[in-house]
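Participant: Pasting a structure here, questions to come.
The values are calculated or read from the model by the stated rules, or taken from the named source; none is laboratory data. Quick caveat: nothing in here was measured; it's all calculated off a predicted structure. Because the Cβ atoms are built from the backbone with ideal geometry, glycine has one as well, and the counts that use them run over all protein chains shown.
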Ligand SMILES: NC(=O)c1ccc[n+]([C@@H]2O[C@H](COP(=O)([O-])OP(=O)(O)OC[C@H]3O[C@@H](n4cnc5c(N)ncnc54)[C@H](OP(=O)(O)O)[C@@H]3O)[C@@H](O)[C@H]2O)c1
């Protein structure tokens with residue numbers, strides 16, 4: 001390139017045209033398929049967002065990012081989706097730490113963390129299609145993955161969330177984690193207590209696992225759903241995190257019964273629709289529509305809440 005041409009370029013185009021405005025960073029766990037992929041599609045299509053697809057299988061994450069980019073180009077709505085080049089497995093603390101290290105180095109911040117990855121062992125729709133896991137073994141695997149794995153991700157990424165000007169955590173829960181699965185008022189009181197702490201919640205989750213393993217969980221008032229208890233724990237965790245970190249908007253979401261691999265694609269909601277509420281929470285102002293008014297009146301922040309179809313839903317599902 002000649003010097004004259006370079007000079008022409010530098011004089012004809014304002015400097016600002018060369019600088020890329022900083023985009024917000026959204027990290028979506030389990031973003032390689034199902035609802036997570038649709039959350040990445042929706043967020044990545046927003047002009048000021050980059051959606052990072054985290055997955056336990058990096059190749060699947062890459063394929064999903066390529067699919068979202070190609071689809072965006074075809075439809076004329078650019079999707080800025082990037083696959084995390086290192087695995088993020090909820091059951092592998094080293095992978096979570098490596099994922100943190102990569103994002104810290106490359107981006108230095110996480111604005112939105114969507115905890116979407118989860119397992120649902122032995123959903124009735126999968127009988128005969130996947131290997132059967134006996135109930136007494138399901139509890140440990142499910143609670144370790146869905147509850148403790150998600151907790152590990154949240155705690156690991158807190159330092160990067162704290163670097164955002166408007167950080168938020170969106171935990172994908174489920175109606176399966178509604179309060180009414182608990183059979184006694186004392187259990188409900190324990191899970192909904194404003195005094196509940198993370199160590200206490202971890203003890204409750206561990207207690208459920210050991211009660212299932214020694215065959216006493218029903219006599220002790222626990223329900224017959226490991227997936228449900230894991231999601232109940234996620235909703236309780238959401239409320240604790242919101243209390244402990246008022247600077248972060250932390251909410252949980254029920255995406256509805258979506259047509260994904262989790263239920264052999266027998267769900268009735270399109271995963272793109274299930275992704276709508278998490279997407280809304282990623283973009284929504286901290287105080288909702290009347291943010292300015294509410295901040296003046298004393299900061300009513302949309303945090304520590306449970307959402308369904310774009311609106312707050314009581315945990316009791318009444
Ligand atoms: N579908 C529904 O009707 C429904 C209803 C309520 C709530 N949800 C919740 O919505 C979220 C997404 O579910 P989905 O329906 O989209 O299910 P899905 O299609 O089965 O996707 C689950 C995602 O989680 C990932 N995952 C599983 N175990 C993991 C682990 N140990 N580490 C990291 N990633 C892991 C999967 O990765 P692989 O591809 O490697 O397996 C996949 O990316 C889940 O939290 C689910 O509980 C779903």
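Participant: Quick test of your reading of the structure: residue 6 fulfils all but one of (1) within 14 Å of the ligand (Cβ to nearest atom); (2) modelled with pLDDT under 90. Name the failing condition by number.
Facilitator: Result: residue 6 fails condition (1) only.
Participant: For segment 59-77, give me each residue that is touching a strand residue (DSSP E or B) at 6+ places or on another chain (Cβ under 7 Å) and either closer than 21 Å to residue 98 by Cα or within 10 Å of the ligand (Cβ to nearest atom) (or both).
Facilitator: 61, 62, 64, 65
Participant: Residue 43: away from the ligand (no atom under 14 Å from the Cβ), in a helix (DSSP H, G or I) and more than 21 Å from residue 248 (Cβ to Cβ), yes or no?
Facilitator: no
Participant: If you go through segment 221-235 one residue at a time, how many are more than 17 Å from residue 145 (Cβ to Cβ) and either surrounded by 15 or more Cβ atoms within 10 Å (Cβ to Cβ) or within 16 Å of the ligand (Cβ to nearest atom) (or both)?
Facilitator: The number of residues fulfilling the criteria is 2.
Participant: Any residue in segment 168-177 that is more than 28 Å from residue 267 (Cβ to Cβ) and crowded, with 18+ Cβ neighbours inside 10 Å?
Facilitator: No.
Participant: Can you tell me how many residues within segment 14-37 are at pLDDT 95 or above and more than 8 Å from the ligand (Cβ to nearest atom)?
Facilitator: 6
Participant: Further question on the same structure: Taking the stated definitions as given, is residue 294 at pLDDT below 95 and outside any loop (DSSP other than H, G, I, E, B)?
Facilitator: Spelling it out, residue 294 is indeed at pLDDT below 95 and outside any loop (DSSP other than H, G, I, E, B).
Participant: Is it fair to say residue 141 is within 13 Å of the ligand (Cβ to nearest atom) and within 17 Å of the chain's Cα centre (by Cα)?
Facilitator: Spelling it out, it is not the case that residue 141 is within 13 Å of the ligand (Cβ to nearest atom) and within 17 Å of the chain's Cα centre (by Cα).
Participant: Restricting to helices (runs of 4 or more DSSP H) lying wholly in segment 134-252: which have 2 or more residues that are over 30 Å from residue 99 (Cβ atoms)?
Facilitator: Counting at least 2 such residues, we get 135-142, 185-192, 198-213.
Participant: Please enumerate the residues belonging to segment 150-165 that are over 23 Å from residue 308 (Cβ atoms) and more than 13 Å from the ligand (Cβ to nearest atom).
Facilitator: Passing the criteria: 155, 156, 157, 158, 159, 160, 161, 162, 163, 164, 165.
Yes/no per residue for (1) away from the ligand (no atom under 13 Å from the Cβ); (2) out of contact with any helix residue (DSSP H, G or I) (no Cβ under 6 Å at 6 or more places or on another chain):
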residue: 107; (1), (2): yes, yes
residue: 118; (1), (2): no, no
residue: 132; (1), (2): yes, yes
residue: 145; (1), (2): no, yes
residue: 148; (1), (2): no, yes
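Participant: Looking only at segment 297-318, count how many residues are at pLDDT 80 or above and on the phi < 0 side of the Ramachandran plot.
Facilitator: 12
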